[in-house]
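Below is one structure; the comments refer to it alone.
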Amino acid sequence: MINKIVQSMADLMSGIKDGSVVLLGGFGSVGQPNALIDGLIEQGAKDLVVAANNAGAGHVGLARLMELNRVRKIICSFPRSSDPVVFETLYRAGKIELEIVPQGTLAERMRAAGAGVPAFFTATGVGTKMAVGKEHREIGGRTYILEEWLKGDVGLVEAWEADRWGNLTFKQSGRNFNPLCAMASDLSLVQAQHIRELGEIDPDHVVTPGIFVDRVLHVPYGDPSGF
Amino acid sequence: MSETAVASFKPFTRPQMAQRAAADIPEGWYVNLGIGIPTMISDYVPAGREVIFHSENGVLGMGPAPEKDKIEPWLINAGKQYVTMLPGGSFCHHADSFSMIRGGHLDLCVLGAFQVADNGDIANWATSENDTAPAVGGAMDLAAGAKRLWVLMEHTTKDGSSKLVTKCSYPLTAPGAVKRIYTNLATIDVTDRGFVVLGMAPGLSLEDLQARTDAKLHLPA
């Protein structure tokens, strides 16, 4: 019997290696898998490259992972959150690398990785400093730049519902980067608010089919608060 | 520029700027509003006119801010403010949301800006080439991807320098993207001829406006 649902955070996090590329779902605090970040902190992997929209806020979650000097590099579109004190401090001290990526390019690089597309052309960033050093090509009279896929060794995902095959639904704007992190990562780890029996989630309502998911942990933490 | 040369004119307030832009959005357009003053535009769409608002974080068909006791903690916009959904609204993931932007499906995006040049270049994400950790967010996607880009901003900086320039001194968000600018002093189209003034704040003359604008202003042909 296939059962992707695990019973402990340790089981969920097992096998994450130092130096992993970690794709992190969430936008603001909505849909951000905070329990999984805490699990990763506990698990101990270091020298990580983390891709997420924001670079953490306050001293919790991603900010705490960074504060513990476990993140070598952050790939994000918007490092300045409501309270980016940890990131700013590390960055000014030269203790963390930063790759700024336009938000749509970040999302598309993840989707491309999930779809097996190693690179794609986009108009976003043409004529700006984002285009420096990138391959340019004119297609149909417009100039585009080449952007490469962004594959994750590990994807950390927050879902609303999950079943033992790993089928997922999301809640409202909690969807954001989560389905992309799931499809783009070799090891997709999910925290789900609700565990459903197989067949209980209407196939028409599944957003992320279980093929993109490896392990699920039930984390019924309630509503997000604060950003 | 002498302040006394301009006896009495009334700059548009921010709500008036938003109202002027809102009045020019026709029914049926899909619109993304940037963080800041542009967000106010949704409050001024004339009653009965259906305009569909999009937010980068996968929200299409966004309604106004909720009453305090009706906040949905899972429902925010790209500015990380609580919002509501209108009947007919939908959610999608970030790659689909940015497909709406990058695939040319949005009729309009309205952004704030530091500078706009008279060739349509926009600078709105970093104030220095050496900005240590600039935050681009979705600005470059929106500027390059929407069918048309309008800018809503103050005409001048706090120290009085023109934000309408012949060449942006700040890092570009996108070249040649801006089609129209709504400022506290004027509404201006960006055309092949450069800046064309469509309207001005009451009491302001073209000379007054030009005195506050680095780039050459034109009147409609």
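Could you list, in sequence order, all residues of the stretch B:179-198 that are touching a residue at least 24 places away in the same chain (Cβ under 8 Å) and touching a helix residue (DSSP H, G or I) at 6+ places or on another chain (Cβ under 8 Å)?
Matches in the stretch B:179-198: B:TYR182, B:THR183, B:ASN184, B:LEU185, B:ALA186, B:THR187.
If you check A:ARG215 against the conditions, is it charged (D, E, K, R), under 14 Å from the mean Cα position of the chain (by Cα) and either surrounded by fewer than 24 Cβ atoms within 10 Å (Cβ to Cβ) or within 14 Å of chain B (Cβ to nearest Cβ) (or both)?
Values: charged (D, E, K, R): yes; under 14 Å from the mean Cα position of the chain (by Cα): no; either surrounded by fewer than 24 Cβ atoms within 10 Å (Cβ to Cβ) or within 14 Å of chain B (Cβ to nearest Cβ) (or both): yes.
No: the conditions fail for A:ARG215.
Does A:ALA112 satisfy the criteria of being buried (at least 21 other Cβ atoms within 10 Å of the Cβ), among the hydrophobic types (A, V, I, L, M, F, W, C) and within 8 Å of chain B (Cβ to nearest Cβ)?
no
Among the residues of the stretch B:159-168, how many are surrounded by 14 or more Cβ atoms within 10 Å (Cβ to Cβ) and either in contact with a Leu (Cβ under 9 Å, 6 or more places away or on another chain) or not in a strand (DSSP E or B) (or both)?
Number satisfying all stated conditions: 4.
Name every residue in the stretch A:181-227 that is touching a Lys or Arg at 6+ places or on another chain (Cβ under 8 Å) and at pLDDT below 95, in order of residue number.
Hit for the stretch A:181-227 is A:PHE227, nothing else.
Name the single residue, out of those in the stretch B:169-221 being in a loop (DSSP other than H, G, I, E, B) and within 17 Å of the chain's Cα centre (by Cα), that is nearest to B:PHE9 (Cα to Cα).
The first filter runs over the stretch B:169-221 and keeps only residues in a loop (DSSP other than H, G, I, E, B), leaving B:169-173, B:175-177, B:183-185, B:192-193, B:201-205, B:212-216, B:219-221.
Those left that are additionally within 17 Å of the chain's Cα centre (by Cα): B:172-173, B:175-177, B:183-185.
Working: B:LEU172: 32, B:THR173: 33, B:PRO175: 33, B:GLY176: 31, B:ALA177: 31, B:THR183: 14, B:ASN184: 11, B:LEU185: 9 Å.
Checked the stretch B:169-221; the qualifying residue nearest to B:PHE9 (Cα to Cα) is B:LEU185.
Just checking, which of B:ALA215, B:ALA211 is in contact with an Asp or Glu (Cβ under 6 Å, 6 or more places away or on another chain), touching a residue at least 24 places away in the same chain (Cβ under 8 Å), surrounded by fewer than 21 Cβ atoms within 10 Å (Cβ to Cβ) and farther than 30 Å from B:SER99 by Cα?
That would be B:ALA215, the only listed residue that is in contact with an Asp or Glu (Cβ under 6 Å, 6 or more places away or on another chain), touching a residue at least 24 places away in the same chain (Cβ under 8 Å), surrounded by fewer than 21 Cβ atoms within 10 Å (Cβ to Cβ) and farther than 30 Å from B:SER99 by Cα.
If I filter the stretch B:146-158 for residues that are part of a strand (DSSP E or B), surrounded by 18 or more Cβ atoms within 10 Å (Cβ to Cβ) and within 13 Å of chain A (Cβ to nearest Cβ), do I get at least one hit?
yes
If you check A:ASP186, A:ASP204, A:ASP223, which single one turns out to be part of a strand (DSSP E or B) and either touching an Asp or Glu at 6+ places or on another chain (Cβ under 6 Å) or free of Cβ contacts under 8 Å to residues at least 40 places away in the same chain (or both)?
Answer to the check: A:ASP186.
Only residues that are farther than 23 Å from B:GLU72 by Cα, under 13 Å from the mean Cα position of the chain (by Cα) and assigned to a loop (DSSP other than H, G, I, E, B): list them for the stretch A:11-64, please.
A:SER20, A:ALA52, A:ALA55
Which residue is farthest from B:HIS54 (Cα to Cα), if the candidates are limited to the stretch B:76-93 and must be in a strand (DSSP E or B) and in contact with a helix residue (DSSP H, G or I) (Cβ under 7 Å, 6 or more places away or on another chain)?
So the residue we want is B:ILE76.
Give the residues of the stretch A:24-80 that are among the charged types (D, E, K, R) and within 14 Å of chain B (Cβ to nearest Cβ), sorted by residue number.
A:LYS73, A:ARG80
This table checks each residue for (1) surrounded by fewer than 21 Cβ atoms within 10 Å (Cβ to Cβ); (2) within 14 Å of another protein chain (Cβ to nearest Cβ); (3) assigned to a loop (DSSP other than H, G, I, E, B).
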{"site": "B:SER8", "(1), (2), (3)": "yes, no, yes"}
{"site": "B:ARG49", "(1), (2), (3)": "yes, no, yes"}
{"site": "B:GLY61", "(1), (2), (3)": "yes, yes, no"}
{"site": "B:TRP74", "(1), (2), (3)": "yes, yes, yes"}
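When A:ARG142 is evaluated against the numbered criteria (1) free of Cβ contacts under 8 Å to residues at least 12 places away in the same chain; (2) out of contact with any helix residue (DSSP H, G or I) (no Cβ under 8 Å at 6 or more places or on another chain); (3) within 11 Å of chain B (Cβ to nearest Cβ), which criterion, by number, is the only one it fails?
(1)
Is there any pair with a first residue in the stretch B:64-79 that is closer than 25 Å to B:ALA47 by Cβ and a second that is among the aromatic types (Phe, Trp, Tyr) whose Cβ atoms are under 6 Å apart and which are 6 or more apart or on different chains, and what are they?
These pairs meet every condition: B:PRO66/B:TYR82; B:ILE71/B:TYR82.
Could you give every pair whose Cβ atoms fall below 9 Å, whose first residue belongs to the stretch B:95-111 and is over 16 Å from B:ASN77 (Cα atoms) and more than 9 Å from chain A (Cβ to nearest Cβ), and whose second residue is of a type in the set (Phe, Trp, Tyr) and surrounded by 22 or more Cβ atoms within 10 Å (Cβ to Cβ), counting only separations of at least 6 or pairs across chains?
From the stretch B:95-111, the pairs are B:LEU108/B:TRP150.
The values are calculated or read from the model by the stated rules, or taken from the named source; none is laboratory data. As the structure is a prediction and not an experimental result, all values here were calculated from the model. Glycine gets a Cβ as well: all are built from the backbone with ideal geometry, and neighbour counts include every protein chain shown.
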